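Below is one structure. I have some questions about it.
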Amino acid sequence: MQNTPYQIQPKAVYGDKTVLRVVSINVNGLRAAEKKGFIEWLAQSEADVICLQETRLTHEQWTDKFKPAGWFTALFPAEKAGYAGTAIYSRIPFRSVTTGLGFELADSQGRFICAEFDLGLDKPVHIASLYLPSGSSGDEAQARKDLFLNEYKAILKQWRAEDKSIIVCGDYNIVHKRIDIKNWSGNQKASGCLPHERAWLDHIYDELGYVDTFREVRKESDVYSWWSNRGQARAKNVGWRIDYQACSPDWKNRTLNAWVYKENWFSDHAPVVIDYAIE
């Protein structure tokens, strides 16, 4: 395969395995990301499904230049123009697409979209894009984030009761462990690193049984997915790992490889790429 500016690891490294490549990225405005080469990168990514957060587009603004040939696409915009929103791009046809989680904070801001796929497995597979609120702007924002976490936790529990096969990609706006943030000590009182937020992730992984598939294959520290625009954080790799693919347990043993793509920058977040075996 020829080397191009947008190339990421080819699937051929897995031999005769059938691979599902899933990507999660907060684009921090799809219009801005498009100008930085994001749509061109899609063609070279070898991705099967790409989950986007913070698209900041209305349906009227979501023109054909954001919907390249060969991709099935679905957008869930926020009611407020220029804010939040999620989308899914897929090489694989959708069986169905659902939007929202059934509570106002998620649904009015376009924070969850889910596509159902037939991948030839023993049950349908759901792949979702989630944009969890930030609490960094103050106490009211943190309270809204905590409300979202509480509402969403009940939904996650219900999905496990239904034995739903699901990959929830997204910007969770929470680091999990010390290895997921460069400045652990200095951020213990900062939204995104608060003890009760990290305990929420403990609960969904350790008690509900979801799997942080990135950590199934990547155990090292200093691997981040978001960097502040201040103080040369990206150049110095002073980052946070706040973008996840949280999966139902059936995906744990299917995880082949995972990495953060940093060769080209489309946003203050980088794409989180995970390859799964489906045969």
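Select from the stretch 39-83 those GluC sites (Glu not before Pro) which occupy a DSSP coil region and have at most 11 other Cβ atoms within 10 Å, ordered by residue number.
Working: sites: GLU40, GLU46, GLU54, GLU60, GLU79; in loops: GLU46, GLU54, GLU60, GLU79.
Taking the stretch 39-83 and a limit of 11 other Cβ atoms within 10 Å, the loop GluC sites (Glu not before Pro) found are GLU60.
With +1 on each Lys and Arg Cβ and -1 on each Asp and Glu Cβ, how big is the dipole of the chain about its Cα centre, in debye rounded to the nearest 20?
Values: 35 positive and 36 negative charges, 152 e Å.
Dipole size: approximately 740 debye.
Let me ask something additional. Return the unpartnered cysteines for the chain, using a Cβ-Cβ cut-off of under 4.7 Å.
CYS114, CYS193, CYS247, each lacking another Cys Cβ under 4.7 Å.
Any of LYS36/LYS164; LYS177/LYS262; LYS11/LYS153 with alpha carbons more than 26 Å apart? Name them for me. The partial results should precede the final answer.
Numbers: LYS36/LYS164 36 Å; LYS177/LYS262 22 Å; LYS11/LYS153 34 Å.
Where the Cα-Cα span goes over 26 Å, the pairs concerned are LYS36/LYS164; LYS11/LYS153.
If you don't mind, another one. Roughly how large, in nm² to one decimal, is the mean projection of the convex hull of the alpha-carbon atoms in the chain? Working shown, then result.
Values: hull surface 57.1 nm².
The orientation-averaged projected area of the Cα hull of the chain comes to 14.3 nm².
Follow-up. Under the rule of at least 5 residues apart or a separate chain, name every residue whose amide H is placed under 5 Å from the amide H of ASP268.
Correct list: empty.
Using a 7 Å offset from the Cα along the Cα-to-Cβ direction at both GLU104 and ALA190, what is the distance between the two label points in nm, to one decimal?
A separation of 3.2 nm, rounded to one decimal place.
Any idea how far apart THR58 and ASN183 come out in nm if each label point goes 7 Å out from Cα toward Cβ?
So the two model labels end up 3.8 nm from each other.
List, in order, the whole-Hz ³J(HN,Hα) value for each residue of the stretch 154-163 obtained from phi through the Karplus relation with A = 6.51, B = -1.76, C = 1.60 and θ = phi - 60°; use x for Gly and Pro.
Karplus-based 3J(HN,Hα) across the stretch 154-163 equals 5, 5, 4, 5, 5, 4, 5, 4, 7, 6 Hz.
What residues qualify as long-range amide H neighbours of LEU130, i.e. H under 5 Å apart, gap of 5 or more or another chain, H built at 1.01 Å from N?
Amide H neighbours of LEU130, under 5 Å, 5+ apart: CYS169, GLY170, ASP171.
Could you work out the helix-only [θ] at 222 nm for the chain, with each DSSP H run of four or more residues adding -39,500 (n - 2.57) and the total divided by the number of residues, to the nearest 500 deg cm²/dmol?
Working: 6 runs with 53 residues, N = 279.
The per-residue figure over the chain is -5500 deg cm²/dmol.
Kindly write out, for the stretch 223-236 in residue order, the coupling ³J(HN,Hα) from the Karplus curve 6.51 cos²θ - 1.76 cosθ + 1.60 (θ = phi - 60°), rounded to whole Hz, with x marking Gly and Pro.
10, 10, 10, 9, 9, 5, 7, 9, x, 6, 4, 5, 4, 8
Since every read-out is calculated from the coordinates, none of them should be taken as a lab result. Model, not experiment: these values are computed from the prediction. Here the Cβ is made from the backbone with ideal geometry for all residues, glycine too, and neighbour counts use every protein chain on show.
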